[in-house]
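Before any comments, here is the structure.
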Amino acid sequence: MKVKKRSKDNSRFKIQDSRSGFTLLELVIAVTILSLITIIIGSSFRLGIHAWEKGDKETGEIQRLRILSGLLSQQVASAYPYKMKFEDMDGPAVIFRGGTDELMFVTSTADTSFGGFKWIKYVYRDGSLLYKEGLLPDKKLEKKINGDEEVIDQDIDDIRFDYLSGSGEWAESWDYGKELPVAVKVKISYFEPFVINIPMGAKKGKDRDDAA
């Protein structure tokens, strides 16, 4: 007795076998989805790194500008009405001069062996803040105040100085004269302007004439 082959059952098994794998279209779709997921994860990672670096840079910049603001505030607030005779002026004048991008004044020093006073100059030029100082009295002051400044910050977008007179008016400049300004307003980069009050401003104080 011959046993008949069940061709239908075999074909059914074959169909099941073919369905147990992936078609080419399914593989393409899977690879595409995996690629998209990889791209999204990579982009998110890069954005996260960029945001972290930007935040870290901004934090460092804010800290740096705060230190600079503190230094300016401390020095300008201690400005002293030191008087000196200049060649092109009739009598002695207070050493305080400034414009929108530069400032020069005199402060007292802790070391009285050198006279107890020093002059300080700030200049903003080409994105850098320059600094220079010297001791008083000094007969060659007018020659020394220009040139050879030291760069204390070379990454400042902008800086501006304004000066408050005794009459309550703000001015863009201040020249050698009889008194100090009442206050100096400073604007550094994107920071809000801050005002530095000068206790000895618009007051006669104690005249200290340089015999030079």
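The values are calculated or read from the model by the stated rules, or taken from the named source; none is laboratory data. Computed from a predicted structure; not experimentally measured. Counting neighbours? That spans all protein chains shown, and the Cβs are built from the backbone with ideal geometry, glycine included.
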For segment 180-193, give me each residue that is in contact with a helix residue (DSSP H, G or I) (Cβ under 8 Å, 6 or more places away or on another chain), farther than 11 Å from Trp170 by Cα and either at pLDDT 95 or above or charged (D, E, K, R) (or both).
Val186
Being modelled with pLDDT under 85 and at positive phi is true for just one of Gly168, Gly127, Gly116. Which residue is that?
Gly116
Asp138: passes all of (1) at pLDDT 90 or above; (2) surrounded by 18 or more Cβ atoms within 10 Å (Cβ to Cβ) but (1)
Candidate set: segment 136-155, residues that are β-branched (Val, Ile, Thr) and touching a residue at least 40 places away in the same chain (Cβ under 8 Å); chosen: the one nearest to Thr107 (Cα to Cα):
Ile145
Counting only residues that are of a type in the set (D, E, K, R) and at pLDDT 75 or above, segment 13-69 contains a total of 5
The conditions are (1) at pLDDT 90 or above; (2) surrounded by 15 or more Cβ atoms within 10 Å (Cβ to Cβ), and Gln74 fails exactly one of them. Which is it?
(2)
For segment 83-100, check the following and say yes or no: at least one residue is among the aromatic types (Phe, Trp, Tyr), part of a strand (DSSP E or B), within 30 Å of Ile62 (Cα to Cα) and out of contact with any helix residue (DSSP H, G or I) (no Cβ under 6 Å at 6 or more places or on another chain).
no
With a cut-off of at least 1 residues that are of a type outside the set (Phe, Trp, Tyr) and under 23 Å from Asp88 (Cα atoms), name the strands (runs of 3 or more DSSP E) lying wholly within segment 103-172.
117-125, 128-136
